[in-house]
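Student: Submitted below is the structure of interest, expressed as structure tokens.
The values are calculated or read from the model by the stated rules, or taken from the named source; none is laboratory data. Please read these numbers as outputs of a predicted model, since none were measured by experiment. Glycine gets a Cβ as well: all are built from the backbone with ideal geometry, and neighbour counts include every protein chain shown.
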Amino acid sequence: MPKLNTFDVTIKTGERGPGAAPKWSINGFVVDFEQMKGSTAPGETFQGTASPGSFPHTLLIRGPESGAWDIEETRVTYYPSGEQPYTVRLGAVTLDDDADLNIWYERPQKVFDV
């Protein structure tokens, strides 16, 4: 598991959104994004950047404190220490105060013919 220096996240909100900036969690510690742009209001797009500088055993986008958040799509670009950045795309999901979104996906292994 590589040390994660920084990650960027883009979240497209569907019909329901909290409107408030989301928080993220690494290894059980809840943190605010260092840089933010956009909104989580219905139909809007949120962009955030964070610099955990740690080994992510868990990395989550926290659900809203109340109500529901319909997410149409999430894109996360990871900047691991000593490696090239990579991006993952996640599909639709609904979050609430009991549901968080796992955004930690290690780089897929290289595929080759034998």
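Student: Is there a residue in the range 37-50 that is within 21 Å of residue 2 (Cβ to Cβ), in contact (Cβ under 8 Å) with a residue 12 or more places away in the chain and of a type in the set (A, V, I, L, M)? Give the steps one after another, and end with the answer.
Tutor: Here is the first cut: in the range 37-50, the residues within 21 Å of residue 2 (Cβ to Cβ) are 48-50.
After this cut, where a residue has to be in contact (Cβ under 8 Å) with a residue 12 or more places away in the chain as well, the list is 48-50.
Then keep just the ones that are of a type in the set (A, V, I, L, M); that gives 50.
Taking every residue of the range 37-50 in turn, at least one turns out to be within 21 Å of residue 2 (Cβ to Cβ), in contact (Cβ under 8 Å) with a residue 12 or more places away in the chain and of a type in the set (A, V, I, L, M).
Student: Quick one: which residue in 39, 25, 66 is surrounded by fewer than 15 Cβ atoms within 10 Å (Cβ to Cβ) and touching a strand residue (DSSP E or B) at 6+ places or on another chain (Cβ under 9 Å)? It would help to see each step written out before you state the result.
Tutor: Values: 39 fails: surrounded by fewer than 15 Cβ atoms within 10 Å (Cβ to Cβ); 25 fails: surrounded by fewer than 15 Cβ atoms within 10 Å (Cβ to Cβ).
Sole residue among the options that is surrounded by fewer than 15 Cβ atoms within 10 Å (Cβ to Cβ) and touching a strand residue (DSSP E or B) at 6+ places or on another chain (Cβ under 9 Å): 66.
Student: Looking at the range 1-32, which of its residues are free of Cβ contacts under 8 Å to residues at least 40 places away in the same chain and within 24 Å of residue 82 (Cβ to Cβ)? Give the derivation first.
Tutor: Our first condition is that a residue be free of Cβ contacts under 8 Å to residues at least 40 places away in the same chain; within the range 1-32, this holds for 19, 21, 23, 26-32.
The answer is 26, 27, 29, 31.
Student: On to the next question. Restricting to the range 59-80, name every residue that is over 17 Å from residue 11 (Cα atoms) and modelled with pLDDT of 95 or more.
Tutor: From the range 59-80, those over 17 Å from residue 11 (Cα atoms) are 65-67, 79-80; that's our starting set.
Residues satisfying the conditions are 79, 80.
Student: Where residues in the range 7-22 are surrounded by 18 or more Cβ atoms within 10 Å (Cβ to Cβ) and among the aliphatic types (A, V, I, L, M), which of them is nearest to residue 96 (Cα to Cα)?
Tutor: The qualifying residue nearest to residue 96 (Cα to Cα) is 11.
Student: Give the residue, chosen from 114, 76, that is surrounded by 14 or more Cβ atoms within 10 Å (Cβ to Cβ) and of a type in the set (Val, Ile, Thr). Before the answer, list the steps.
Tutor: Details: 114 fails: surrounded by 14 or more Cβ atoms within 10 Å (Cβ to Cβ).
Criteria check complete, one pass: 76.
The rows are residues; the columns are (1) of a type in the set (Asp, Glu); (2) over 13 Å from residue 104 (Cβ atoms).
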{"residue": "10", "(1), (2)": "no, yes"}
{"residue": "27", "(1), (2)": "no, no"}
{"residue": "41", "(1), (2)": "no, yes"}
{"residue": "45", "(1), (2)": "no, yes"}
{"residue": "56", "(1), (2)": "no, no"}
{"residue": "65", "(1), (2)": "yes, yes"}
